[in-house]
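What follows is calculated from the coordinates using simple rules that are stated; it is not laboratory data. Here the structure is a predicted model, which is why all the values come from computation and not from measurement. Here the Cβ positions follow ideal geometry from the backbone for every residue, glycine too, while neighbour counts run over all protein chains shown.
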Amino acid sequence: MKSPAAAGLRVVEGWTPPDGLLPPTVAGQAPSVPFEDGRVEAMVDFRDPQLHEKANADWYRLSVEGGLFSETDRRFLIALHPGQDRLARWHCVELQSEWDIMGKGADGLLGSAPYHPEFRMLSLDGNVLCSATTWEHALSTSVLKAPHRAQVLRRWAEALTDGSMDDMGEPDDLPLSVAARRWLDSH
């Protein structure tokens, strides 16, 4: 796994995910959640001369306003893949004073290149989902409060309860079908 330090994130050791947390695989569908379900989005065109500054500012503003983290407690969860063809897991991180999520962060751990983010973040209580994705001409950051209410996410979680992706998890992890069912049943 690439270091989160380039993005300005510090891994918080000793964190254990609570039961009923939104599975990262389900969170991957966040860009498909319609605005009517409460998703708030900011987009920046790749041709914008202030792309770097605006993209980072949008992420921070939406994250704080949406409740991903606060000015006083800058911890949140990030979905990280342990390896190719393996399911992502939540890791607790803390935003440091110097950070660059959309530039250096997207060039490694949080995307495929600078300003090409592909990440999912979740508040510690699981009630705020933040995602970023790359479109043809722009990058997008969005926040969704109460992800358990989004029908797109609920339908995908329900489909995953069939166990078809359980073999992609780490041996010590809860099977995805069980994690998806627990999330569905907890809301």
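Semi-axes of the equivalent ellipsoid of the stretch 27-124 are 19, 17, 16 Å, computed as sqrt(5λ) over the eigenvalues of the C-alpha gyration tensor in descending order. Along its principal axes, the chain has C-alpha extents of 47, 37, 33 angstrom, given from the largest down. H187 sits among other residues whose Cβ lies under 9 Å from its own Cβ, and their net charge, with Lys and Arg +1 and Asp and Glu -1, is +1. At an R0 of 41 angstrom, the distance between the Cβ atoms of Q96 and A146 translates into a FRET efficiency of 0.90. When the Cα convex hull of the stretch 102-157 is projected onto planes of every orientation, the mean area is 4.5 nm².
Averaging over all projection directions, find the projected area of the Cα convex hull of the stretch 49-105 and quote it in nm² with one decimal place. Each step should come with its number before you reach the end.
Values: hull surface 19.9 nm².
With every direction weighted equally, the projected area is 5.0 nm².
Given the DSSP H assignment, sum -39500 (n - 2.57) over each helix run of at least 4 residues in the chain and divide by its residue total; what's the result at 222 nm in deg cm²/dmol, nearest 500? Only helices count here, giving -6500 deg cm²/dmol.
Distance between the modelled labels on M168 and T72, one decimal in nanometres: 4.0 nm (7 Å Cα→Cβ projection).
Per-residue Karplus couplings for the stretch 51-68, computed as 6.51 cos²θ - 1.76 cosθ + 1.60 with θ equal to phi - 60°, are listed in order as 3, 4, 5, 5, 5, 5, 5, 4, 4, 5, 4, 5, 5, 6, 4, x, x, 4 Hz, Gly and Pro entered as x. Scan the chain and report its longest stretch carrying no chymotrypsin sites (Phe, Trp or Tyr not before Pro) that are both in a DSSP loop and have at most 15 other Cβ atoms within 10 Å. By the stated rule (loop sites, at most 15 other Cβ atoms within 10 Å), 47-134.
Stretching H187 away from E36 to a fully extended chain increases their span by 52.4 nm, per 0.36 nm per residue minus the current alpha-carbon distance. If R0 equals 25 Å, the separation of the Cβ atoms of V178 and H81 corresponds to a calculated FRET efficiency of about 0.80. Shape analysis of the stretch 120-187 places it in the prolate category; the axes a ≥ b ≥ c from the Cα gyration tensor give an a/c of at least 1.5, with a/b above b/c. Taking amide H atoms as placed 1.01 Å from N in the peptide plane, the amide H of G111 lies under 5 Å from those of E118, each 5 or more residues away in sequence or on another chain.
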